[in-house]
Every structure is written in structure tokens, then in C-alpha cells.
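Everything on this sheet refers to the single structure shown next.
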């Protein structure tokens, strides 16, 4: 299998780029990273929620180009079937796909009200109704998965595509000081301690580019 290339945008703001990065990392794929500048139209479309069809993250491998996180997850699961991106058990695999799909297509209020910004911290942040409902649903998903699997990841001892999909939410919950119960706090911390997430956050904290639209004081 040849070396792949993953195109991403801002590490500080790019929640979908983080998902693509984690999918590739968890799968064990050998890949290089290309970073789009913040003024690139594809990057800004994702970061400012201006498009329902983002062109980043984008994976290029063996002549194939895949630019949607769910498609990247499925592609990597087929290319690397022993990677553990999706559970082996068919019932668990369907569950994993379902909650990945829910993140992929939903939670718009959360994304708009609590944009990803790893360089910021907002203590006692006021969370309004729509975002509250999204947070409650995410907490329910986490509790159901962790109760069934025993953790520390959503589907057991090793991370899957589901953890990659929900990792940016863990970062948002830290940025905006979202109160969590002990089980969900432990899960959030488990994700934030993953080597790949630590590497991403360290790079994000060094990132010089700022988007005024996403770096406002709340």
C-alpha cells in the first residue's frame, strides 16, 4: 500500500480536519499532511460552516481521492480491515456507523454556538437552548456506548471511528467549560490524552493564523 496524503486546514479551528487526521492515525495508515492556508476557499467553507459539502479533509491514496469524513472512514476500513476503525461484531458495527452518522449530519446548534477553538478557554460560558439539546444528546450517546462497552473508548478498549468523530466535541467541551458527569468527563479526558490528539493540540497552539469570524470574544 503506497503512502497517502491527507489535506487539512487549520488545526486550531478545523474540527472535520481533526476527524480525518484521527481516522488516518487510528487506522495505522502511512500518510503525509498538506495544510491549506486559511484564505483557501475550501478551508474557509469548512471553518465558517458555509457549505454542507466540504472538500477538506481530503485523502489521496493509490490514485483515489476521498473528501468526506464518513467516506474516509469507510475507505480506510476496507483498505485496512484489521485496523479496528469499525467493530468486528455486525451489531456493534451498525451502532458505530449510526452514531458516526448522527455526528456527521447533525448537531448544527452545537457547532454554531461552540465553534472549535483550541487556543481559547471560556469559563462559565452561557449555553443556550439549541446547543443544550445537542449536548444532552451527545452525553446520552456517550453514556449508552460506555455503559455497554465498559470503555475507556466508546466501543471498548481501543479507539474506533466513533471516537474520531466525537473527539472535536471533547475539545469543545473543554474550551467552553461544559459540565459533564464523572463518566463523560473521564471519556473526554481519555480522548484528549490520546497521543494523536496531544500532537494535534500542540500544533494548534503554535498556529499563527487567526480567523476573526471564529476568534471573537463570547
Q: Kindly provide the set of residues from segment 75-103 that are touching a helix residue (DSSP H, G or I) at 6+ places or on another chain (Cβ under 7 Å) and crowded, with 17+ Cβ neighbours inside 10 Å, ordered by number.
A: 76, 83, 85, 86, 87, 96, 99, 100, 103
Q) Is it true that residue 120 is closer than 24 Å to residue 204 by Cα and either surrounded by fewer than 14 Cβ atoms within 10 Å (Cβ to Cβ) or touching a helix residue (DSSP H, G or I) at 6+ places or on another chain (Cβ under 6 Å) (or both)? A) yes
(Q) Being free of Cβ contacts under 8 Å to residues at least 12 places away in the same chain and not in a helix (DSSP H, G or I) is the requirement here; does residue 208 meet it? (A) yes
Q | Which numbered condition residue 179 fails, given (1) in a loop (DSSP other than H, G, I, E, B); (2) in contact (Cβ under 8 Å) with a residue 12 or more places away in the chain | A | (2)
Q.
Checking the structure you have, find out if any residue of segment 204-212 is touching a helix residue (DSSP H, G or I) at 6+ places or on another chain (Cβ under 8 Å) and at pLDDT below 95.
A. yes
Q | Enumeration of residues in segment 157-176 that are free of Cβ contacts under 8 Å to residues at least 40 places away in the same chain and farther than 22 Å from residue 111 by Cα | A | 157
Q. Can we say residue 137 is in contact (Cβ under 8 Å) with a residue 24 or more places away in the chain, part of a helix (DSSP H, G or I) and either in the same structural domain as residue 23 (by TED's automatic domain parsing) or more than 24 Å from residue 75 (Cβ to Cβ) (or both)?
A. yes
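The values are calculated or read from the model by the stated rules, or taken from the named source; none is laboratory data. Every value quoted in this text rests on a predicted model; they were computed, and no experiment measured them. All Cβ positions, even for glycine, are placed from backbone atoms using ideal geometry, and neighbour counts span all protein chains on display.
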